[in-house]
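Please read the structure below before turning to the comments.
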Amino acid sequence: MPKMRNGKCGVRNAECGIPDSALRTPHSALENSALRIPHSKIPLMIDILSGIQSTAAALDAERTRLDVISENIANANTTHGVDGKPYQRQVVVFETALQQAMNGGASVPTLRVAGIQKDPRPFESIYEPGNPDADEHGMVAMPNVNIHEEMADMISAERAFEANLAVVKNARAMSLQVLAIGRH
């Protein structure tokens, strides 16, 4: 616990993570109150929003996943891309918290997009002799995008996004309740 000077702990509110607007009493009054909260515990109690970093990272990762899924759906029938080949399905690859910890990552585990890779599955060939992209046998290479699989992935990503939004809403509500307790 910091040394007391003139009835105050000697640490400014901003230095310990407590906004001045959130406190109406000096630290010494909090430390000497009936709660007997040590100074080192105050920032941990006030900093309820620390989990928001990982939730925001997860929201961003799921948004990227939804963008890639929508691109896959939009190009499900593209038989001739810029490179002259059919569109190749893309998949988002996430980096796990375990990988981050092993590589000396952040102290707060966060989800992040490690990359976007092309799906290695082969193209599906269909018989369509009138298509300008058909080979000499009338076969057209179609993208390796399965609409049903993409819709299932979209629903999964949407549910994960909604769950993370619920975390943000609950953290906000808890923060407002903590501030309301501090006012009374």
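The values are calculated or read from the model by the stated rules, or taken from the named source; none is laboratory data. Just so we're clear, the structure is a prediction, and the values are computed from it rather than from any experiment. Note that we place each Cβ from the backbone using ideal geometry, even for glycine, and neighbour counts take in every protein chain shown.
Scanning the range 51-110 for residues that are touching a Gly at 6+ places or on another chain (Cβ under 9 Å) and modelled with pLDDT of 90 or more yields Asn75, Tyr87, Gln88, Val92, Val93. Pairing each residue of the range 144-173 that is within 29 Å of Ser125 (Cα to Cα) and in a helix (DSSP H, G or I) with any residue that is modelled with pLDDT of 90 or more and not polar (S, T, N, Q), provided the two are 6+ apart or on different chains, yields C-beta distances under 7 Å for Ile147/Ile73; Ile147/Ala76; Glu150/Ile69; Glu150/Ile73; Asp153/Ile69; Met154/Leu66; Met154/Ile69.
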